[in-house]
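Bear in mind these aren't lab numbers, they're just calculated from the coordinates by the rules spelled out. Values in this document were obtained by computation on a predicted structure and should not be read as measured data. Note that each Cβ is placed from the backbone with ideal geometry, even for glycine, and that neighbours are counted across all protein chains shown.
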Amino acid sequence: MLTHRIESYLAVLMLLIGGWILPLANAQDEGEPVTRLEPIWVTARPIIEGNRRDDYGSVKTVITEEQLDDLNAQDIETALRQTPGVNMSRFNPVGSFGGAEGGGVFIRGMGSSRPGAEIKTLVDGAPMFMSVWNHPLLDLMSIDSARSIEVYKSPQPQHFGNAFGVVNIVPKRKTIEGYTTKAQVAFGSYDTLVAKAEHGGKISGWDYYIGGGHRESDGHRDNSEGELDNAYGRLGRQLNENWDASLFAMWNDNYADDPGAEGADPDAREGRYETRAFLSTLTLSHDYERFSGEIKGYRSAGEGDWLDQPTDTEGVREDLYNDFLYYGIKAKEKVNLGHGTELLAGLDWDYTEGDYTQEYSDGSSDAWDGDNFDILSPYAAISWRWGDENGLQVIPSAGIRYYDHSLFDSQWAPHAGLVAAYGPAEVHVGYSRGVLYPGLEVEVMSEAVLPALGESWEDLEPEVVDHY
């Protein structure tokens, strides 16, 4: 008690001394010139780069490499965890369990279907998800290669088809002359290790970028281990003033364990989910004063293996080996017709294939031999920019996408938009139709999981959403 009173007296004494000395010091400084610096404003976007509106009344959210660094993002979940309208589910600090209610992405409530999903995950515009069950496997979306991540939160037929929303990784590239090199090693709780490195260069019309990363953790509780490994590379060549070509490739190999519900029977844990994939894209693009566009060929193949999962038979565990394959061509062209009018046209052809094998701990096995389908999807849109950029400006637009599916009926997806701006104020409204075809999961469920369904899957119609 005495010590506390002495401390209080000393504090009061210091305040009294400060109140006497500071006015005296200020009085001595009177008459001396005072230098006032101009204010310095520091602004940054730590969560997203921004919401970018196009001339068709649609918006996408963009997260750049700088935001990924600021967020200390190690995977797609942590990269998007603060993006407005986007939610994630996960079991592990490192790694995203691909089965049950494990790693999932949800955009404005969409994406909760298992099997099947309304959200498609892409890398460089090419599919990167499980074809057999038609849903994302988030560990396949390695973000070390990302220059930016684009999130489309609504159907936008002028940009993509057969989905209600999209998450797309745009690969890194060196855009200015010179070289760049980065490396990082970090350690954290739960014996977590992060190591990644990258190097890029641009010289004499060539550009390249290579890199990779390794992450591992024992997890925050028993059986929550995870590991992520990836490598990527891009090689580009400026063919002349208007044309360039590029090749991009990405490989990854990952696993995540299911820790199970806390306090539940350990035998109820869902085992381990392993994912592997190799993706490659070849792009030829051009840019002239009045028109620009590209043609892209892609191939994406991989595995999603759900190992050591429980079955309805006591004491018997199951290993499920899923294989997926995608390849296709995407072409688009943007033409400036003059007087503020722009024409956008394109054609997507996508081929999908998948199969699985089941092996049981009692020695039995089963398999689904798989199937395939393809979608041919041409589209066109037009916009007209009228008015003054510094005054009143109006941009009406309209377009349509057509779907020709090898297994299901054809569909049309129209869209229309209107942008009105006056100075810094802007209003945009739009309508778009989203079309989502059944994937291989409907055939699997009817032929292998619930045979009583028979061939009823052949009579299914694509899901259609009108978005305003």
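Straightening the chain between ASP409 and VAL429 buys 4.2 nm, computed as 0.36 nm per residue apart minus the Cα-Cα spacing. Extending 7 Å from Cα along the Cβ direction at GLU66 and again at ILE203 yields two label points whose distance is 2.8 nm.
Relative contact order, percent, of segment 50-467 when contacts are C-alpha pairs under 8 Å separated by at least 6 residues? After rounding, I find 13 percent. Could you pull out the pairs from LYS182/LYS334; LYS153/LYS202; LYS60/LYS196; LYS174/LYS334 whose alpha carbons sit more than 32 Å apart here? The answer is LYS182/LYS334; LYS153/LYS202. Ordered by the number of other Cβ atoms lying within 10 Å of each residue's own Cβ, fewest first, HIS135, HIS199, HIS428 fall into the sequence HIS199, HIS428, HIS135.
Residues whose amide H lies under 5 Å from that of GLY111, counting only those 5 or more places away or on a different chain, are GLU118, ILE119; hydrogens are built 1.01 Å from N in the peptide plane. Calculated mean residue ellipticity at 222 nm for the chain: -3000 deg cm²/dmol, from DSSP H runs with n ≥ 4 weighted as -39500 (n - 2.57), summed, divided by the residue count and rounded to 500.
What does the charge add up to near PHE187, with Lys and Arg as +1, Asp and Glu as -1, over the other residues with Cβ less than 13 Å from its Cβ? Combined, the nearby Lys, Arg, Asp and Glu give -2. Sorting the segments 207-216, 117-126, 327-336 by their mean number of nearby beta carbons within 10 angstrom, highest to lowest, gives 117-126, 207-216, 327-336. Taking other C-beta atoms within 10 angstrom as a stand-in for reagent exposure, LEU453, LEU140 fall in the order LEU453, LEU140, fewest first. Distance between the pseudo-spin-label points of ASN242 and LEU460 (7 Å out from Cα toward the beta carbon): 4.5 nm.
Charge tally for GLN156 (other residues, Cβ to Cβ under 10 Å; Lys, Arg +1; Asp, Glu -1): +2. Would you mind checking segment 31-74 for residues with the amide N under 11 Å from a putative spin-label position 7 Å along Cα→C-beta of LYS334? It comes to 54-56, nothing else. So if the hydrodynamic radius of the chain is defined as the Kirkwood radius over C-alpha pairs, what does Stokes-Einstein give as its diffusion coefficient at 20 °C and 1.002 mPa s, in µm² per second? Result for D is 84 µm²/s. For GLY423, what charge total do you get from the other residues with a beta carbon under 12 Å from its beta carbon, if Lys and Arg give +1 and Asp and Glu give -1? It works out to a net charge of -3.
Sequence-ordered 3J(HN,Hα) estimates for segment 324-331 from the Karplus curve with 6.51, -1.76 and 1.60 and θ = phi - 60° stand at 10, 8, 10, 7, x, 9, 10, 10 Hz, glycine and proline given as x. Checking the a/c ratio against 1.5 first, then a/b against b/c, what shape does the Cα gyration tensor give for segment 37-169? Judged from the Cα gyration tensor, segment 37-169 comes out oblate (a/c at least 1.5, b/c at or above a/b).
In sequence order, segment 226-236 has phi-based couplings of x, 8, 10, 9, 8, 8, 8, x, 9, 10, x Hz under the Karplus curve 6.51 cos²θ - 1.76 cosθ + 1.60, θ = phi - 60°, and Gly or Pro positions carry x. What Kirkwood Rh does segment 33-92 have if only Cα atoms enter the pairwise 1/r average? Answer in Å. Evaluated over segment 33-92, this radius sits at 14.2 Å. Highest-first packing order for the peptide set 149-160, 229-240, 82-93, 430-441 is 149-160, 430-441, 82-93, 229-240, based on the mean count of other beta carbon atoms within 10 Å.
Given +1 at the Cβ of Lys and Arg, -1 at the Cβ of Asp and Glu and no other charges, the dipole of segment 387-468 around its Cα centre is 420 debye to the nearest 20. Using only the Cα atoms of segment 175-230, each taken as one equal point scatterer with no solvent, compute I(q) by the Debye sum, divide by I(0), and report log10 of the ratio at q = 0.19 Å⁻¹. Rounded to two decimals, the profile gives -0.70.
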